[in-house]
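Trainee: What follows is a structure written as structure tokens; I'll ask about it next.
The values are calculated or read from the model by the stated rules, or taken from the named source; none is laboratory data. These numbers were taken from a predicted model, which means no experiment stands behind them. Cβ sites come from the backbone with ideal geometry, for glycine too, and all protein chains shown count toward neighbours.
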Amino acid sequence: MHIYRTIPATLEAISHMSQDIEADLQYLPADKRGKVVLALHELLVNIAVHAYGGAGGAIDIVLTHTAATLGIVVTDAAATTFTMPTVIQALNPQDLPEHGMGLYIMHQTFDTVRYERLAQGNRWHLTTAVSAGGEGELAGSGC
């Protein structure tokens, strides 16, 4: 299964996209689906707010589901680059920050979180294994 979407880098469009992705992933158990949607939502908001700086632009999203993997590739054309930290610190549940949790959520949800700078933009690769039980059951995602 491949799903391709392009949305404007606005908070309103991201909100609608999150609802659409939720519907696209109905085959996943509700708790897993919710975590994937939240992690993707966090990434999209960070792109709109930080990469594009609120100036607008487009975000391309490709979801690929095979018998073994759920993969999401997100690409933008923003001029802003990102430096991936070498270590993602665990959050203190007694003192949660108001912001800055997106990377942590992404790393807890997906087995692979990879960023690459393109000639004109940025690309994120998010993957998680699908269990041997069949489509819809995510395994090893740290969730």
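Trainee: Which of the residues belonging to segment 44-61 are crowded, with 17+ Cβ neighbours inside 10 Å and within 18 Å of residue 24 (Cα to Cα)?
Mentor: Of everything in segment 44-61, those that are crowded, with 17+ Cβ neighbours inside 10 Å and within 18 Å of residue 24 (Cα to Cα) turn out to be 44, 59, 61.
Trainee: Continuing with this model, one more query. What are the residue pairs meeting all of these: first residue in segment 109-126, first residue surrounded by fewer than 12 Cβ atoms within 10 Å (Cβ to Cβ), second residue among the hydrophobic types (A, V, I, L, M, F, W, C) and at pLDDT 95 or above, Cβ atoms under 8 Å, and 6 or more apart or on different chains?
Mentor: Final answer for the pair search is 120/77.
Listed here are the residues, each with its yes/no results for (1) β-branched (Val, Ile, Thr); (2) farther than 22 Å from residue 121 by Cβ.
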site: 3; (1), (2): yes, no
site: 6; (1), (2): yes, no
site: 10; (1), (2): yes, no
site: 14; (1), (2): yes, no
site: 21; (1), (2): yes, no
site: 27; (1), (2): no, yes
site: 30; (1), (2): no, yes
site: 37; (1), (2): yes, yes
site: 46; (1), (2): no, no
